[in-house]
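Novice: This is the structure, below, for whatever I ask next.
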Amino acid sequence: MLFSSMALVALRPVLAHADAASSSAPQSIWEWGTLTGDWGGHRTALKKKGIEFTINYIGEIMNVVSGGRRRGTTYEGQLNVTVDVDLAKLIGWNGTRAQAIIYQLHDVDDRDVEDNVGSLADPSDIDALATTRLFTAWLEHDLNKSSSLRIGQLAADSDFIIAPTSVVLMNSTFGWPALNMADLPSGGPAYPLATPGARLSWKDKHWSFLTAIYSGNPAGSHCMTNPQACDRYGLTFSFSGGALIFAEAGYSANAADHDAGLAATYKLGGWYHTAEFPQLPFGLNGADDQAFLAATPISPHMHRGNWGIYAVADQALWRSGSRALSVFLRGQVVPADRNLVSWQVDGGFGIKGPFKSRSKDTLTVGLAYSRVSNDAIALDRERVAAGGTGPTRSGELVLEVNYVAQISPWWSLQPDFQYIVRPGGGAANPANPSESIPNATVIGLRSTIKF
């Protein structure tokens, strides 16, 4: 908030002068669509030529006030620069578009809220290793009026398993589920790691079909440390680790603001990964006999392939003008014998315009549960039976309450509350390995500015 206020005071005279020549520009800075306005008409001129810049800054303070691995406050920031190019306008290549997204990510003292909590679900969806990185970069061409093909550096979380009502929540599990982050190599092709791939989409008035193929491991198959450190600048362009294939069919109605009915979105999809995954909880001992992985020496028994099936429902229940109430529900299941998390379900509700005087604000509540697989639980029990110490994991529950206060078209503030039960599914507490990490309470405040 302090940064935002200082920037506003410093820039206001300059920006107001720059846009004074445009009679169509709003007279008050608080009415502008972006903080920096139209750049003296240059922004509109570039858009007419087919080039559009979107510059957003997100800064947030997250405080673990109780529980977790340790208490403490963290600050994380994300500068997002997106360049969209309409190649029809720029060079006459009809039906073709391009986009590139670059992030500048930073924090204070290399601390992040996920590390403080120790959870499967990251309390912040902008949490990432401090660096400047290329995220996605793609070229898309229309095959006909209803279908298109996209190729380049892609991210699955931009297209699949999305519930529109939940996208404003700050916990990452309500976007890219904790199940996918825990079970897919390097967390899968999702923020902040993208990977080479191709996406085919088809859509008519109500129905849609989306399928994509991605390189199997965004960080590269030889990465033995933090995947984000292995691909620190987003330039690895890994083609290793097999292939990840997604397919999703969807139905939507009344999605536009001017539609009279209640908005609805329903999706059914799945994915398949071609790489090898170690079986839980068994491996092979020196005599090639099956044994628990808790025994040593032992090598894991590998399964060829991995898969998941999911469903999404997002339905508006009430609408009055710009105000609306909607609910969402998602569920996903994967094989228990090769995955840490075997199923996940999340749901909640969102209210647009919770108060008549705040018609552009949003109140959203989400609840998510990630179940540790029975095979991983069996491995925990066997390790204790073999003389080790530590708790037996079960599952992680996340409750989030989020309010988006739209201060102006270019500035929003988000106070946020999260309560995480059994972080890590009941993982061992580093301060006392024989006990689970205590339930964590996290409060935060996010500021988003559109430049």
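The values are calculated or read from the model by the stated rules, or taken from the named source; none is laboratory data. In this text, all values refer to a predicted model and were calculated from it rather than measured experimentally. Because the Cβ atoms are built from the backbone with ideal geometry, glycine has one as well, and the counts that use them run over all protein chains shown.
Yes/no matrix, rows are residues, columns are (1) within 27 Å of P423 (Cβ to Cβ); (2) in a strand (DSSP E or B); (3) hydroxyl-bearing (S, T, Y):
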residue: E76; (1), (2), (3): yes, yes, no
residue: A98; (1), (2), (3): no, yes, no
residue: Y103; (1), (2), (3): yes, yes, yes
residue: D109; (1), (2), (3): yes, no, no
residue: I126; (1), (2), (3): yes, no, no
residue: N144; (1), (2), (3): no, no, no
residue: I162; (1), (2), (3): yes, no, no
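Novice: List pairs: first residue in the range 39-64 and without any contact (Cβ under 8 Å) to a residue 24 or more places away in the chain, second residue surrounded by 18 or more Cβ atoms within 10 Å (Cβ to Cβ) anywhere in the structure, Cβ distance under 6 angstrom, at least six positions apart or on different chains.
Specialist: Within 6 Å, the pairs are G40/A18; T44/D38.
Novice: Of the residues that sit in the range 201-226 and are of a type in the set (A, V, I, L, M, F, W, C) and touching a strand residue (DSSP E or B) at 6+ places or on another chain (Cβ under 9 Å), which one is nearest to Y251 (Cα to Cα)?
Specialist: Among them, the one singled out is W207.
Residues checked against (1) over 19 Å from L445 (Cβ atoms); (2) touching a Gly at 6+ places or on another chain (Cβ under 9 Å); (3) without any contact (Cβ under 8 Å) to a residue 12 or more places away in the chain:
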{"residue": "D107", "(1), (2), (3)": "no, yes, no"}
{"residue": "D112", "(1), (2), (3)": "no, no, no"}
{"residue": "V117", "(1), (2), (3)": "no, yes, no"}
{"residue": "D122", "(1), (2), (3)": "no, no, no"}
{"residue": "T136", "(1), (2), (3)": "yes, yes, no"}
{"residue": "H141", "(1), (2), (3)": "yes, yes, no"}
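Novice: Among the listed residues P196, P185, identify the single one that is assigned by TED's automatic domain parsing to the domain that holds P433 and surrounded by 22 or more Cβ atoms within 10 Å (Cβ to Cβ).
Specialist: Exactly one of P196, P185 is assigned by TED's automatic domain parsing to the domain that holds P433 and surrounded by 22 or more Cβ atoms within 10 Å (Cβ to Cβ), namely P185.
Novice: Among (1) on the phi > 0 side of the Ramachandran plot; (2) polar (S, T, N, Q); (3) surrounded by fewer than 20 Cβ atoms within 10 Å (Cβ to Cβ), which single condition is T211 missing?
Specialist: Of (1) on the phi > 0 side of the Ramachandran plot; (2) polar (S, T, N, Q); (3) surrounded by fewer than 20 Cβ atoms within 10 Å (Cβ to Cβ), only one is false for T211: (1).
Novice: D84 passes all but one of (1) assigned to a helix (DSSP H, G or I); (2) at pLDDT 90 or above; (3) over 30 Å from I443 (Cα atoms); which number fails?
Specialist: It fails just one condition, (1).
Novice: Out of the range 296-348, which residues are surrounded by 17 or more Cβ atoms within 10 Å (Cβ to Cβ), over 28 Å from G216 (Cα atoms) and aromatic (F, W, Y)?
Specialist: F328
Novice: Are any residues in the range 62-80 buried (at least 17 other Cβ atoms within 10 Å of the Cβ) and within 19 Å of L397 (Cβ to Cβ), and if so, which ones?
Specialist: M62, V64, G67, G68, R69
Novice: Is there a residue being closer than 29 Å to G366 by Cβ, of a type in the set (F, W, Y) and surrounded by 17 or more Cβ atoms within 10 Å (Cβ to Cβ) anywhere in the range 90-110?
Specialist: Yes, some residue in the range 90-110 is closer than 29 Å to G366 by Cβ, of a type in the set (F, W, Y) and surrounded by 17 or more Cβ atoms within 10 Å (Cβ to Cβ).
Novice: Still on this structure, I have one more. Out of the residues in the range 40-60 that are outside any strand (DSSP E or B) and not basic (K, R), which is nearest to the chain's Cα centre (by Cα)?
Specialist: This residue is G50.
Novice: Something else about it: Out of (1) touching a Leu at 6+ places or on another chain (Cβ under 6 Å); (2) of a type outside the set (S, T, Y); (3) assigned to a strand (DSSP E or B), the odd one out for G37 is which?
Specialist: G37 satisfies every listed condition except (3).
Novice: So, one more: Can you name the residue in the range 385-409 that is among the β-branched types (V, I, T) and in contact with a Ser or Thr (Cβ under 7 Å, 6 or more places away or on another chain) and is also nearest to A428 (Cα to Cα) among such residues?
Specialist: Selected residue: T389.
Novice: Report, by residue number, each residue of the range 296-328 that is polar (S, T, N, Q) and farther than 24 Å from Y266 by Cβ.
Specialist: Those that are polar (S, T, N, Q) and farther than 24 Å from Y266 by Cβ: T296, S299, N306.
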